[in-house]
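Participant: Questions regarding the structure given below will be posed in turn.
Derivation of every value follows stated rules applied to the coordinates shown; laboratory data play no part. Please read these numbers as outputs of a predicted model, since none were measured by experiment. Every residue, glycine among them, receives a Cβ derived from its backbone with ideal geometry; neighbour counts consider all protein chains shown.
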Protein chains: 2
Amino acid sequence: MKPIILTGDRPTGALHLGHYVGSLKNRVAFQNDYKQFLIIADTQALTDNFDKAEMVRDNVVQVALDYLAVGLDPKLNTFFIQSQVHELYELTSYFMNLVTVARLQRNPTIKEEIKQKGFDESLPVGFFCYPISQAADILAFYADAVPVGEDQSPMIEQTNEIARRFNHIYGGSTLKEVKSIIGKIGRLPGIDGKTKMSKSLGNAIFLGDSADDIKKKVNQMFTDPNHLKVSDPGQVEGNVVFMFLDFFDPNVEEVSQLKEHYRRGGLGDGVLKKRLIEILEALITPMRTRRQQYQADLGYVRKILEDGTRDARAVAAKKVDEVRAAMKLIY
Amino acid sequence: MKPIILTGDRPTGALHLGHYVGSLKNRVAFQNDYKQFLIIADTQALTDNFDKAEMVRDNVVQVALDYLAVGLDPKLNTFFIQSQVHELYELTSYFMNLVTVARLQRNPTIKEEIKQKGFDESLPVGFFCYPISQAADILAFYADAVPVGEDQSPMIEQTNEIARRFNHIYGGSTLKEVKSIIGKIGRLPGIDGKTKMSKSLGNAIFLGDSADDIKKKVNQMFTDPNHLKVSDPGQVEGNVVFMFLDFFDPNVEEVSQLKEHYRRGGLGDGVLKKRLIEILEALITPMRTRRQQYQADLGYVRKILEDGTRDARAVAAKKVDEVRAAMKLIY
């Protein structure tokens, strides 16, 4: 049997190249060797978007389309909608008894996110508790591994603490600890050079962007402000176009030569941007084709989500049964 | 249609006369005029008994037996097991986004309970959040009213805040505010005169006690330690036997005369205790008979719980559908 991965996204907007580099690319690479449960985490998205529930709902199908566009195969992976797997609510309820308020307050990921989002007195209980709900997601599907960014490894520690605590209190080994797969890849910057590509920062290239969009956005990219004439020597460090080439250009050798040439002088930004546009187009064109195919048959996309959610429920229901049995909470 | 009440107990032990005076008696009185949902709150009990889940499970049927023994009619009331009404987990999850951590920390009932239970660093998230889960219980069943002790009215305020916040955010009037029915009756002391009758204090007369138990416990009751001879004048205040007569003796006039006589001197404790034993026996004998009948057919008791839980689920499922529709969270 293939090892199991649990991974997914909050449906709060269209996915972009940052998502592709950070996770989607790996998922495509993993899909033959792992059984992947792809959670579209609407319940989690609601914890800080409860006043935009309709937006969250509408993005669920969009995220599924993004998954299909990048080449995630619904026959190899289980696509599902978190809120529809009711078993997760019950697991979360049991796990909430195994974590202290003090422990949640010490979770570095949550601490950082609370700061970023400017929550203070207004911190919703749901958001504060989402590491527990996330642990339920992971443990419900018998996951062997979860791919995470480095900043999220406290979430995996929290999950494993819950698993150990549960097994300790109720005996046996009902819950299995999970491993992190920590991506070696850095974070893709935005087209403005800011450290993070993000929809809300308005600096993203979306997987659903048209050829025109991509051209326009690459042409907006910051290069070296002192590189005025083609013959001027240019700076590679902090040059967004080179940062993108490092991420996407398969020809590392040529990129290295281009950097050399740019530093020496005599290489224009236009040439580099043209190259990047071609590379991104080569990446996104097949995504665009797949997206168009699926978009023309949204009923089929909905069916993929329905089938996946049904399959996910069956797995989670088995886990809840095991959890109840361990707790001897059977009526 | 009858107005709806939501009420119930945590299944953490046998119910006693304190429960009878504080709530069960009223429920029997209410059962013709109200539709009562009687929640056996095992999920809530787990929030501070997660390491005794089996004890909680075992007490569920015992609480149902206590309900039947006091004369609560399963045809008039809906008996149900909280953990089996899965819709409540989902409602709780949505409501957790509408309450801030700061607001929970200010809840006076929870603050007091946290102190009493000696939680500090060890406060479980589940316990901290139980007012939200309780709000889900109340709002799920379209309750018009909830009978509460005075110390619990902050729980009703919390529930109504959630209802208002939900309606404000999502529009419409999906959730209905609920009224408290605050019992006028004081708190029954233990047989040792301590302010509260409680299983854990070992000072309780249980609804399931035998005639011998009751006799023994009444005979242990504190009276007036200075009332050594029958002819001595005795003190009525703080005299546990009189406190119980005030609660249970239907003949207020005679009790008043007995107090007079006791104060004057010439009335022995034995006479008073004999009277109290007779009164408690008269109260408990029919309970004992009903308990024996049901105990002989536990399969029937389980069926009452199954049927009630199924009915409760149907009601809660309707409410969850309304909640999802208001949030436009429909797939």
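Participant: Quick check: the distance between the Cα centres of the stretch B:50-97 and the stretch A:78-94, to the nearest angstrom?
Facilitator: Taking the Cα centre of each part, the stretch B:50-97 and the stretch A:78-94 sit 22 Å apart.
Participant: Within 10 Å of each Cβ in B:101-108, how many Cβ atoms from other chains are there, averaged over the peptide?
Facilitator: 4
Participant: Averaged over B:116-127, how many beta carbons belonging to a partner chain fall within 10 Å of each residue's beta carbon?
Facilitator: 5
Participant: Taking each pair of distinct Cα atoms in the stretch A:191-331 once, what is the resulting Kirkwood hydrodynamic radius in Å?
Facilitator: 18.7
Participant: Using the 10 angstrom Cβ neighbour count as an exposure proxy, how do B:Met221, A:Met287, B:Met1 rank, fewest first?
Facilitator: Placing the least packed residue first, the sequence is B:Met1, A:Met287, B:Met221.
Participant: Lys and Arg at +1, Asp and Glu at -1: add these up for the other residues within a Cβ distance under 13 Å of A:Arg275 and post the number.
Facilitator: So the surrounding residues net to -2.
Participant: How long are the three semi-axes of the equivalent ellipsoid of the stretch B:1-137, in whole Å, if each is the root of 5 times an eigenvalue of the C-alpha gyration tensor, listed from largest down?
Facilitator: So the three semi-axes of the stretch B:1-137 are 27, 18, 15 Å.
Participant: Can you give me the angle between helix B:130-140 and the longest principal axis of chain B, using Cα atoms only, in degrees from 0 to 90, rounded to the nearest 10?
Facilitator: 70
Participant: Using alpha carbons only, what's the Rg to Rh ratio of the stretch A:49-205 with Rh from Kirkwood?
Facilitator: My calculation puts Rg/Rh at 0.97.
Participant: While we're here: Could you work out which residue, out of B:Leu98, B:Leu280, B:Leu24, moves most in a Gaussian network model of chain B, that is, has the largest mean-square fluctuation with Cα springs under 10 Å?
Facilitator: B:Leu98
Participant: Next up: How long, wide and thick is the stretch B:211-291, going by the Cα atoms along their three principal axes, in whole angstroms, largest first?
Facilitator: 42, 25, 18
Participant: Oh, and also: Which FRET efficiency, nearest 0.05, do A:Lys328 and A:Glu278 yield, Cβ-Cβ r, R0 51 Å?
Facilitator: Taking R0 as 51 Å, the efficiency between A:Lys328 and A:Glu278 is 0.20.
Participant: Now a separate question. Cα-Cα over 32 Å: which of B:Lys2/B:Lys196; A:Lys179/A:Lys216; A:Lys115/B:Lys111; B:Lys179/B:Lys199; A:Lys75/A:Lys179; A:Lys2/B:Lys318?
Facilitator: Listed pairs above 32 Å: B:Lys2/B:Lys196; A:Lys179/A:Lys216; A:Lys2/B:Lys318.
Participant: If you take the C-alpha gyration tensor of the stretch A:254-315, multiply each eigenvalue by 5 and take the square root, what semi-axes do you get, largest first, in whole Å?
Facilitator: In descending order the semi-axes read 45, 15, 6 Å.
Participant: May I ask what percent, to the nearest 5, of DSSP beta bridges between residues of chain A are antiparallel?
Facilitator: Approximately 5 percent, going by the DSSP bridge assignments.
Participant: Please give the net charge around B:Gly265, taking every other residue with its beta carbon less than 10 angstrom from that of B:Gly265, where Lys and Arg add +1 and Asp and Glu add -1.
Facilitator: Local charge sum for B:Gly265: +2.
Participant: Okay, moving on. Which whole number gives the average, over all residues in A:85-98, of C-beta atoms from other chains lying within 10 Å of the residue C-beta?
Facilitator: Rounded to a whole number, the mean comes out at 6.
Participant: Continuing with the same structure: Using a Gaussian network model of chain B with C-alpha springs under 10 Å, which one of B:Ala314, B:Ala211, B:Ala102 is most mobile by mean-square fluctuation?
Facilitator: B:Ala102
Participant: Can I ask one more? Cα axis of helix A:53-70 to longest principal axis of chain A: angle in degrees, 0 to 90, nearest 10?
Facilitator: For A:53-70 against chain A, the angle is about 60 degrees.
Participant: Hey, another quick one. Got a sec? How would B:Glu260, B:Glu121 order by Cβ neighbour count within 10 Å, fewest to most?
Facilitator: The fewest-first ordering by Cβ neighbours comes to B:Glu121, B:Glu260.
Participant: Using only Cα atoms, find the angle between the long axis of helix B:252-264 and the longest principal axis of chain B, and express it within 0 to 90 degrees, rounded to the nearest 10.
Facilitator: Relative to chain B, helix B:252-264 is tipped by roughly 50 degrees.
Participant: While we're looking at this one, here's another question. Provide Rg and Dmax in Å for chain B, with only Cα atoms included in the calculation.
Facilitator: Rg then Dmax for chain B, in Å: 22.1, 80.
Participant: For chain A, set up a GNM with springs between Cα atoms under 10 Å and report which of A:Thr309, A:Thr174, A:Thr289 has the largest fluctuation.
Facilitator: In this elastic network of chain A, the residue with the biggest mean-square fluctuation among A:Thr309, A:Thr174, A:Thr289 is A:Thr289.
Participant: Taking 7 Å along the Cα-to-C-beta vector as the label spot, tell me the A:Lys303-A:Glu54 distance in nanometres, rounded to one decimal.
Facilitator: That separation, rounded to one decimal, is 3.0 nm.
Participant: What base-10 log of the normalised intensity I(q)/I(0) is obtained for the protein assembly as shown from the Debye formula, alpha carbons as equal point scatterers, at q = 0.12 Å⁻¹?
Facilitator: Results for the protein assembly as shown at q = 0.12 Å⁻¹ read -1.25.
Participant: Here is a follow-up. Cα centroid distance between the stretch B:253-331 and the stretch A:226-268, in Å?
Facilitator: First find each Cα centre; the distance between them is then 81 Å.
Participant: Order these by the 10 Å Cβ neighbour count, fewest first: B:Ser198, A:Ser256.
Facilitator: The most exposed by this proxy come first: A:Ser256, B:Ser198.
Participant: Rounded to whole Å and sorted largest first, list the principal axis extents of the Cα atoms in the stretch A:85-125.
Facilitator: So the three principal-axis extents are 31, 21, 17 Å.
Participant: On the first, second and third principal axes, largest extent first, how far apart are the outermost C-alpha atoms of the stretch B:134-194 in Å?
Facilitator: 53, 16, 15
Participant: Let me ask something else about it. What fraction of the Cα pairs in the stretch A:1-68, stated in percent, has a spacing above 14 angstrom?
Facilitator: 59
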